[in-house]
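To start, the structure itself, in structure tokens.
The values are calculated or read from the model by the stated rules, or taken from the named source; none is laboratory data. None of the values given here were measured: they were computed from a predicted structure. Backbone-built Cβ (ideal geometry, glycine too); neighbour counts: all protein chains shown.
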Amino acid sequence: MSSMPSQRPNTGPQRPSAPGGGAGAQSFDPLKLLQKYKFVLAGSLFLGAVLGVVAHYTLLYTYPLFKSTVLFECTPVQTDISTVGIEQIDEDEMSRFVGTQVETLKGERVMTDVLADPRLQAEAPGWYSKYDRNGRFDVVDAYEDIEKIIKANAIPNSYLIQLSVTVNNREDAAGLVRLVRENYIRVITSGTSSDTTKLKEQLRKAISDADTTVQELSNRKNRLLQEQGMGTISVEDSAEAEMLRLVNAQIINIQQQIEAYQVILNNDESQLKKETAITYDAMLRERVEQYPQVLALKQRINDYESNLISLEQAGIGREHRSYKLTLQTLDATKRQLETTREQELLKAFESRIDASRLALRQFNAQIEDYKRQEEQLTQRLNELTQKSEEIEEINRQIENTLTNKAERQSELQRLNVTAGLDTASRIKVVKRENVPDRPSFPILYIMIPAGIVLTTAFVAGIIVVFEMLDQRIKSPADIAMIPRTPVLGMIPDAEEDPAKHQALETVFSDSPNSVMAEHYRQLRTRVIKKMEAHDHRTLLVVGAMPGSGATSVTTNLALAMISSGKKVLIIDTNFRRSRIHSAFGLPEAPGLAEVLADEIPLNEAVRKLDSGLCVLSAGSRNKRVVERLGSQRMGKALAEAAAEYDMVLLDVAPSIVAGDALTLANQVDATILVARALQEKRGQIARLKGELSDSRAELLGVLVNAVKSSAGGYMRKNIRTSHQYHADEAPQAV
């Protein structure tokens, strides 16, 4: 073998974040549950029907209910002896009338009259006896009960009212409903005229109160308009609003002038602060040039220059005394002009600064004055706005009051039209009470479906609760419910595979066309893809608990990789219960224990099988030191193996019974967690996943081993189809 560094590097490529699993909440496949518990649910349907029949006959003899009914018909308002035609019926009035009569039937007055009726004991002796307290009738308890047993409701799409009483005795039901009917008729007959008079008085008072309210609101509105001097309730059109707009315009204009003067003043003051000579602008120079003293000096210069020209024309040369004297005077006058000009420029410059400062003070004073006016006008407009809103609210109140007044006047007019009619005459009894010949409860065709529904719902609830409480891993779907836990796939239970297997550790080589071998091929594809994506070479296969099948997964995955052309080495790091050597018929020693003890090089301890698979057994039992699995020598051995082989697979003791897996997880590139179906629980897998994720190695995912097909599930059918496909040697049409 090639030489390698003395130690396995402690860092590897950045691990990709684990793909998110489920949100952690329990989820169910309704169809799967239905298939799994179909016989239980079918039994619950039959049991529910039986319970419904039993409950029906039990209640029929122990607690039957009898209902007696009366039907009333409400007729439209009649304005004369002739009956009003259908096209003249006021539907709104009829709806209100029917609703009123329903409430009257259920009202306190009718109930009280029934309980006070001396015929009550004779009409309903059974019901009366329940509230007979040593010869004294308990009205309070009886009233609470009669409110429950008496029902009155309007029949939809008709003018009919149904009154019913439901009690345990058929004679009592007929007697009670008879008393309610008679007392109701008496109440509406006696109360018609007095009720109409009271209603008229209430309507007239409401109309009068509306007039008073409108007058008070109008007076209040006029006072507000006069107090505020408002010609209109629109604030935008007021004189104050117009004045505020003018003031704002003046403020903007003055602010613009202030900005212009401030620019001039800043430029002039900056000239004063300079150490060099002041640079005067052309406008200032032009103004100084027009000063009288400057103009006089310029005129004198012109005169002296003219004299010089005259002397030259007269033949007087430059050396002549008169010429020199005139020339000297000319030069002196020019110097005087420059001096005078500079003095006047400085005076004009300083005067302009003073003028700018004065103008700014005046403008600022004007701004302050306009600001005060703006504040006063704004305050005034706010007051006007408040008053305007108050006036608008008064207008709305007046409008609402007038609307209510019109409605009351319309009601009074309708009441005057019908004032002479007898309300009691509008109620007709179209069906009188009778003694019921059969109970209204229980009813067989209701009890049977109710029993079926309740029993099935109860059984289904128990099933759902059982599934929620069952935390065992049954399939990859249970792994997906653990947050941020990647799923590598599953290996079916050996008993589900129609092919017979001699040893689970060598299923792939013994039965290459079996269903289990096909699942190992799928696992190989996923693992190699993830390993090569991050240039991983060393892979630790971790079993959750003893019996999880991590060793058989390691051996078969290695055989599957060999078949794909990979150069693979299996290292048995299970120093507590090694099985790799026995799976392939190899001796225990020499092995990893001797390599870690520096008794033998790695290449001499590795044994190569006929299939091309290389195996490094655990070594002699007396030389196995668990602590060496996390040593630098172990890292060196893994580095040598990673350089020599395409894939290095490590089998280790189950994580639940030993901490070797976590130790090695910091030495290898990647890990796989193997969970046996119906053995490990989700909480346990979540904890192990968290521990492995915190290590140096990348957790490729969780593999569910020995998965059993559920009753009615798709897995069993898929297994049979796959087996038949591989077993059938005859060519098939595709």
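Here are the numbers for this structure:
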item	result
Unique match (being farther than 30 Å from Arg245 by Cβ, without any contact (Cβ under 8 Å) to a residue 24 or more places away in the chain and not polar (S, T, N, Q)) among Leu345, Leu327, Leu337	Leu327
Any chance Ile89 is at pLDDT below 85 and surrounded by 12 or more Cβ atoms within 10 Å (Cβ to Cβ)	yes
Selection count, segment 574-612, where residues are of a type in the set (Ser, Thr, Tyr) and either at pLDDT 90 or above or part of a helix (DSSP H, G or I) (or both)	1
Checklist (1) farther than 26 Å from Lys608 by Cβ; (2) part of a loop (DSSP other than H, G, I, E, B); (3) without any contact (Cβ under 8 Å) to a residue 12 or more places away in the chain applied to Gly565, failing item	(1)
So Ile207, is it out of contact with any Gly (no Cβ under 7 Å at 6 or more places or on another chain) and assigned by TED's automatic domain parsing to the domain that holds Arg96	no
Test: residue in segment 117-128 that is within 22 Å of Arg426 (Cβ to Cβ), modelled with pLDDT of 90 or more and of a type in the set (D, E, K, R)	no
Close pairs (6 angstrom Cβ cut-off, 6 or more residues apart or separate chains): closer than 16 Å to Gly690 by Cβ in segment 470-484, exposed (fewer than 15 other Cβ atoms within 10 Å of the Cβ) anywhere	Pro483/Gly24; Arg484/Gly20
Considering residues of segment 613-646 that are assigned to a loop (DSSP other than H, G, I, E, B) and surrounded by fewer than 19 Cβ atoms within 10 Å (Cβ to Cβ) only, the residue nearest to the chain's Cα centre (by Cα)	Asp646
Members of segment 582-617 found to be farther than 18 Å from Ala643 by Cβ and charged (D, E, K, R), listed by number	Glu588, Glu594, Asp598, Glu599, Arg607, Asp610
Selected residue (only one of Leu327, Leu311, Leu297 is among the aliphatic types (A, V, I, L, M) and under 30 Å from Ile264 (Cβ atoms))	Leu297
Out of Gly612, Gly619, sole residue that is in contact with an Asp or Glu (Cβ under 6 Å, 6 or more places away or on another chain) and on the phi > 0 side of the Ramachandran plot	Gly619
The listed residue being over 31 Å from the mean Cα position of the chain (by Cα) and more than 27 Å from Ser578 (Cβ to Cβ), out of Leu504, Leu488, Leu454, Leu469	Leu454
Of all residues making up segment 535-545, the number that are surrounded by fewer than 16 Cβ atoms within 10 Å (Cβ to Cβ) and within 22 Å of Ile685 (Cα to Cα)	0
Condition check for Glu532: surrounded by fewer than 24 Cβ atoms within 10 Å (Cβ to Cβ), in contact (Cβ under 8 Å) with a residue 24 or more places away in the chain and among the acidic types (Asp, Glu)	no
Cβ-Cβ under 9 Å pairs, at least 6 apart or on other chains, segment 122-144 side assigned by TED's automatic domain parsing to the domain that holds Lys106 and assigned to a helix (DSSP H, G or I), far side among the hydroxyl-bearing types (Ser, Thr, Tyr) and at pLDDT below 90	none
Thr104 being without any contact (Cβ under 8 Å) to a residue 12 or more places away in the chain, in a helix (DSSP H, G or I) and within 56 Å of the chain's Cα centre (by Cα)	no
Hey, Glu383 at pLDDT below 80 and assigned to a helix (DSSP H, G or I) or not	yes
